[in-house]
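To start, the structure itself, in structure tokens.
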Amino acid sequence: MADFELKGNQDNALLETLQSVFSTYKDLHFPDRGKTRSVLIPATGRKLRFIFWLQSSNAPVVYIVPGLGLHRLAQPSVAMAELVYKNGFPAVCVSSTFNSEFMEHASTATLPVYLPVDGHDMHVALTEIDGRLNTLYPNRLGRRALMGYSMGGLHFLFIAVTPPTHLAPLITFDRTVAINTPVRLLHGVSKLDEFYRAALDWLSSERIDNIQNTFMKVAALSKGALTLQTSLPFNTIESTFLIGFTFRLMLRDIISAASDGSIRES
Amino acid sequence: MSRTSVYKEILQTSHQDYIKHFVISYYATMGLTAVTADALERADDLRTYDAGLRANPNIRLIVNQNDFLLSSEDLV
């Protein structure tokens, strides 16, 4: 049984980050109303899936990519789509370039992280998706906007400054919105590595127990009705470690996906 | 080797290890030797695209000042 007694100080910025994990869509049926289609990515010869919600009449379309490693159906991704849709815009969600779905079907590099390659791959995918949607639903999509969270924002900002080229006729966008995007990726990941080592701040004699208790608290909270209004019962070390651990698991999945035999040989 | 043991081994890899040892080596084996650690650091730094970003009036940024991934120099 988890010990919920708080020992030590809390860090609001870290707690807000942890709470963002629990941000989700409000209408439980919203994901079911989305349609899933796929597009052939010429460079990989594979089909990339995407999900979209159209309005009944023509309106500016918003393409959404979530944060590092997240799938297009992850709760934060669908929550952004719901927000966009309920404000009158069609929403289209694509998985992060660091998610196995994108890596396996649309990446030209086995290992994601190099922005010129990953950003270009995303741009190609969005071009294919936009073309497919316009073929399926003529005159339903208006001007185009990008909305990216964290790493998704970084890719979209790269796309926004990419000059048009005649080599690959990539679409252009009328608006780019980047939310909480890192400025220097390497600085960001060095912080995540530092966070993962936060457990070393505990006394060695107490470390295993503290780690276990932190995970037990997460498990208990996951079963309960945790809302955005709920104050999370984690001190600074626990919050820091949980964020570092979450991103370390994402890195594990990235490396695992890259090592998987299903990855296209370049 | 079981998936669990592979996962345990992978978990020892930090994000910086991934970039320095995996990604740089990968691009080198692909013949893209221009993707060095320094080149990658520049390419993944938004300040590299500063002029283009500032010149684009259609970009909107939403940033939290207490974002732990940003340093004070990033918020300038």
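The values are calculated or read from the model by the stated rules, or taken from the named source; none is laboratory data. Note that the coordinates shown come from a computational prediction; the quantities given were computed from them, not determined experimentally. Using ideal geometry, Cβ is built from the backbone for each residue, glycine included, and neighbour counts are taken over all protein chains shown.
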Scanning the stretch A:187-207 for residues that are away from chain B (no Cβ under 14 Å) and hydroxyl-bearing (Ser, Thr, Tyr), which turns out nearest to residue B:37 (Cα to Cα)?
A:204
For the stretch B:1-19, how many residues meet the condition of being part of a helix (DSSP H, G or I) and closer than 18 Å to residue A:196 by Cα?
10
Restricting to the stretch A:71-108, give me the number of residues that are of a type in the set (Gly, Ala, Ser) and buried (at least 22 other Cβ atoms within 10 Å of the Cβ).
7
Among the residues of the stretch A:120-135, which ones are out of contact with any Ser or Thr (no Cβ under 7 Å at 6 or more places or on another chain) and not hydroxyl-bearing (Ser, Thr, Tyr)?
A:120, A:124, A:125, A:126, A:128, A:129, A:130, A:131, A:132, A:133, A:134
Is there any pair with a first residue in the stretch A:196-210 that is more than 24 Å from residue B:15 (Cβ to Cβ) and a second that is part of a helix (DSSP H, G or I) whose Cβ atoms are under 9 Å apart and which are 6 or more apart or on different chains, and what are they?
A:203/A:210
Looking at (1) of a type in the set (D, E, K, R); (2) in contact with a strand residue (DSSP E or B) (Cβ under 9 Å, 6 or more places away or on another chain); (3) more than 29 Å from residue B:36 (Cα to Cα), which one does residue A:26 not meet, given that it meets all the others?
(2)
Here's a check for you: in the stretch A:152-167, which residue that is out of contact with any strand residue (DSSP E or B) (no Cβ under 8 Å at 6 or more places or on another chain) and assigned to a helix (DSSP H, G or I) is modelled with the highest pLDDT?
A:158
Can you tell me which of A:100, A:23 is farther than 27 Å from residue B:66 by Cα and either at pLDDT below 95 or polar (S, T, N, Q) (or both)?
A:100
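Okay, residues lined up against (1) more than 17 Å from residue A:116 (Cβ to Cβ); (2) out of contact with any Lys or Arg (no Cβ under 6 Å at 6 or more places or on another chain); (3) away from every other protein chain (no Cβ under 12 Å); (4) not β-branched (Val, Ile, Thr):
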position: A:163; (1), (2), (3), (4): no, yes, no, yes
position: A:183; (1), (2), (3), (4): no, yes, no, no
position: A:209; (1), (2), (3), (4): yes, yes, yes, yes
position: A:212; (1), (2), (3), (4): yes, yes, yes, yes
position: A:217; (1), (2), (3), (4): yes, yes, yes, yes
position: A:220; (1), (2), (3), (4): yes, yes, yes, yes
Of all residues making up the stretch A:12-62, the number that are touching a residue at least 40 places away in the same chain (Cβ under 8 Å), part of a helix (DSSP H, G or I) and over 16 Å from residue A:85 (Cα atoms)
6
Across the stretch A:72-97, which residue is farthest from residue A:40 (Cα to Cα) among those that are touching an Asp or Glu at 6+ places or on another chain (Cβ under 8 Å) and not small (Gly, Ala, Ser)?
A:82
Which one of the conditions (1) part of a helix (DSSP H, G or I); (2) among the hydrophobic types (A, V, I, L, M, F, W, C); (3) more than 7 Å from every other protein chain (Cβ to nearest Cβ) does residue A:145 fail to meet, given that it meets all the rest?
(1)
Given the options B:68, B:22, name the one that is within 7 Å of chain A (Cβ to nearest Cβ) and either among the charged types (D, E, K, R) or not in a helix (DSSP H, G or I) (or both).
B:68
Just give me the residues in the stretch A:115-149 being buried (at least 23 other Cβ atoms within 10 Å of the Cβ) and among the hydroxyl-bearing types (Ser, Thr, Tyr), in sequence order.
A:149
